[in-house]
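Novice: This is the structure, below, for whatever I ask next.
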Amino acid sequence: MSGEKPVSGAASGVGSSQALQPAEDENAKSCWVCFATEADDRLAAWVQPCKCIGTTKWVHQSCLQRWVDEKQRGNITRKVLCPQCKAEYIVVFPSMGAFVALLDAMEDITHKICPFIAGGVLLGSIYWIAITYGAVTVMQVVGHREGLEMMESADPLVLLVLLPTIPVTLISAKMYNWEESVLLFLRKYCAKIPALSYILPFGNVEGDRGAIVTGHNQHNSQHSSSAHLSPTRIFCSALLLPTISTIIGKIFFRSIQNNLHRTILGGITYITIKGALKIYHRQMLYIRHSSRKILDYTESNLKLYRSAAISTTTDAISSTRDDSEQVV
Ligand SMILES: [Zn+2]
Ligand SMILES: [Zn+2]
């Protein structure tokens, strides 16, 4: 089947063969899809579906329908234009009666509302998961029995609103990367105080120090990408926070009887220790990156590099580089 309509003699300059016998061409029908003429198939139905004139105005009904099917690719409502004169083909469907029309309408409505129903079900599921998570968290934090009593005595409507806000609050709080702010603050103000360098190292290269302190070369540091926490990481650590807080509270603050106080203390301990470790690790990565060096391409350096490359850890590479720096 031809994909493109052949150029009409009338529309774009007369072809040489058509010019010789224009009177006959006007009457002779030739299908622009299958190139058959009237003489080839006397029973085939013909149609002039568009504004084209000349030999290409005629086409077999069945050939054009196949061509339209090909263009519509299953979407029977898609408009199909004549590839040459750009007239829209007038496609009419016979009336199949009121019942079929009703089925058509129902099909159409179903097709349109299904995405909304699916979206609603999804949102509803997320909402109920959030409520369940909130209820479990309340029981975990204030104690199983106390939590149940508290929720039973509360207004159900209030619970339906408040419980889902628990995971939402946890996640949005987690999205604020406070460690990063503390780290930037320390870099900016505390580098001037020598005593603090025992707590947070600022690197030993004087040239790098300026960059580290001001954080100007932050954007090209390899781990600045890790500053943007991944969504899955935020999600997991936010939702696990109550559980971890409870566990740490039970381990370190056993003497405290109030479940809520113990869990809060556990949470604060966990966040503080984790934050401090994270800040320290970030700073060490930062220093490591800032004080990296590219070595001369010499035999000895190459040997060092290759032996480091065999061991898979990046730490090995960096320690080798440190060694070579000392040699230099
Ligand atoms: Zn044909
Ligand atoms: Zn046309």
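Novice: Pick from region 71-111 the residues that are in a helix (DSSP H, G or I) and either touching a helix residue (DSSP H, G or I) at 6+ places or on another chain (Cβ under 6 Å) or in the same structural domain as THR56 (by TED's automatic domain parsing) (or both): which of them is farthest from ligand 1 (Cβ to nearest atom)? Lay out the reasoning, then the answer.
Specialist: Step one: list which residues in region 71-111 are in a helix (DSSP H, G or I), which gives 71-72, 98-111.
Within this subset, residues satisfying the condition of being either touching a helix residue (DSSP H, G or I) at 6+ places or on another chain (Cβ under 6 Å) or in the same structural domain as THR56 (by TED's automatic domain parsing) (or both) are 71-72.
Working: LYS71: 16, GLN72: 18 Å.
Looking at residues that are in a helix (DSSP H, G or I) and either touching a helix residue (DSSP H, G or I) at 6+ places or on another chain (Cβ under 6 Å) or in the same structural domain as THR56 (by TED's automatic domain parsing) (or both), I get GLN72.
Novice: Can I ask one more? Take the conditions of a type in the set (A, V, I, L, M, F, W, C) and in contact with a helix residue (DSSP H, G or I) (Cβ under 6 Å, 6 or more places away or on another chain) and apply them to ILE166. Does it pass?
Specialist: Values: of a type in the set (A, V, I, L, M, F, W, C): yes; in contact with a helix residue (DSSP H, G or I) (Cβ under 6 Å, 6 or more places away or on another chain): yes.
Here the answer is yes, as ILE166 does meet what is asked.
Novice: Here is a list of conditions, (1) exposed (fewer than 10 other Cβ atoms within 10 Å of the Cβ); (2) among the aliphatic types (A, V, I, L, M); (3) away from ligand 2 (no atom under 16 Å from the Cβ), and ILE90 meets all of them except one; can you say which number that is?
Specialist: Every condition holds for ILE90 apart from (3).
Novice: Would you be able to tell me the number of residues in region 268-307 that are among the small types (Gly, Ala, Ser) and under 26 Å from ILE248 (Cβ atoms)? Explain how you work it out, then say what you get.
Specialist: Here is the first cut: in region 268-307, the residues among the small types (Gly, Ala, Ser) are 275-276, 290-291, 300, 307.
This time we only want the ones that are under 26 Å from ILE248 (Cβ atoms), so: 275-276.
Residues flagged as among the small types (Gly, Ala, Ser) and under 26 Å from ILE248 (Cβ atoms) within region 268-307 amount to 2.
Novice: Here is a follow-up. Give the number of residues within region 293-308 that are in a helix (DSSP H, G or I) and over 42 Å from the mean Cα position of the chain (by Cα). Full working, then the answer.
Specialist: Filtering region 293-308 for residues in a helix (DSSP H, G or I) gives 299-308.
The next check asks that each one be over 42 Å from the mean Cα position of the chain (by Cα); those that pass are 299-301, 303.
Of the residues in that region, 4 qualify.
Novice: Only helices (runs of 4 or more DSSP H) wholly contained in region 112-193 count here; list those with 1 or more residues that are over 30 Å from SER290 (Cα atoms), among the polar types (S, T, N, Q) and over 34 Å from the mean Cα position of the chain (by Cα). Spell out how you get there, then give the answer.
Specialist: Values: elements: 144-153, 156-175, 178-189.
The qualifying helices (runs of 4 or more DSSP H) are 144-153.
Novice: For ILE256, state whether it is free of Cβ contacts under 8 Å to residues at least 24 places away in the same chain and not in a helix (DSSP H, G or I). Reasoning before the result, please.
Specialist: On the way: free of Cβ contacts under 8 Å to residues at least 24 places away in the same chain: yes; not in a helix (DSSP H, G or I): yes.
When the stated conditions are applied, ILE256 passes them.
Novice: Only one of TYR133, TYR127 is surrounded by 15 or more Cβ atoms within 10 Å (Cβ to Cβ) and of a type in the set (Phe, Trp, Tyr); which? Can you show your working first?
Specialist: Numbers: TYR127 fails: surrounded by 15 or more Cβ atoms within 10 Å (Cβ to Cβ).
It is TYR133.
Novice: Return the only residue of ALA191, ALA195 being under 22 Å from LEU277 (Cβ atoms), modelled with pLDDT under 85 and surrounded by 12 or more Cβ atoms within 10 Å (Cβ to Cβ).
Specialist: The match here is ALA191.
Novice: Further question: Every residue in region 269-310 that is out of contact with any helix residue (DSSP H, G or I) (no Cβ under 8 Å at 6 or more places or on another chain), small (Gly, Ala, Ser) and within 30 Å of LEU183 (Cβ to Cβ), please.
Specialist: ALA276 - this is the single residue of region 269-310 that is out of contact with any helix residue (DSSP H, G or I) (no Cβ under 8 Å at 6 or more places or on another chain), small (Gly, Ala, Ser) and within 30 Å of LEU183 (Cβ to Cβ).
Novice: What are the residues in region 43-63 that are in a loop (DSSP other than H, G, I, E, B) and more than 13 Å from ligand 1 (Cβ to nearest atom), if any? Spell out how you get there, then give the answer.
Specialist: So the first thing to find is which residues in region 43-63 are in a loop (DSSP other than H, G, I, E, B), and the list is 43-45, 48-53, 58.
Answer for region 43-63, where residues must be in a loop (DSSP other than H, G, I, E, B) and more than 13 Å from ligand 1 (Cβ to nearest atom): GLN48, CYS50, LYS51, CYS52, ILE53.
Novice: Could you check LEU122 against (1) touching a residue at least 24 places away in the same chain (Cβ under 8 Å); (2) hydrophobic (A, V, I, L, M, F, W, C); (3) farther than 30 Å from LYS274 by Cβ and say which number it fails?
Specialist: Every condition holds for LEU122 apart from (1).
Novice: Let me ask you something else. So which residues in region 236-273 are among the β-branched types (Val, Ile, Thr) and either over 37 Å from the mean Cα position of the chain (by Cα) or modelled with pLDDT under 90 (or both), if there are any at all?
Specialist: Initial filter on region 236-273 (among the β-branched types (Val, Ile, Thr)): 243-244, 246-248, 251, 256, 263-264, 268-269, 271-273.
Listed by number, the residues that qualify are ILE251, ILE256.
Novice: Looking at region 265-301, which of the residues that are free of Cβ contacts under 8 Å to residues at least 60 places away in the same chain and of a type in the set (A, V, I, L, M) is surrounded by the fewest Cβ atoms within 10 Å (Cβ to Cβ)?
Specialist: Result: ILE294.
Novice: Scan region 35-58 and report the pairs whose first residue is over 19 Å from CYS82 (Cβ atoms) and whose second residue is within 14 Å of ligand 2 (Cβ to nearest atom) and part of a loop (DSSP other than H, G, I, E, B), with Cβ atoms within less than 6 Å and a gap of 6+ or a chain change.
Specialist: none
The values are calculated or read from the model by the stated rules, or taken from the named source; none is laboratory data. Predicted model only: the values in this text are computed from it and were never measured. Positions of Cβ are generated from backbone atoms using ideal geometry, with glycine treated the same way; all protein chains shown enter the neighbour counts.
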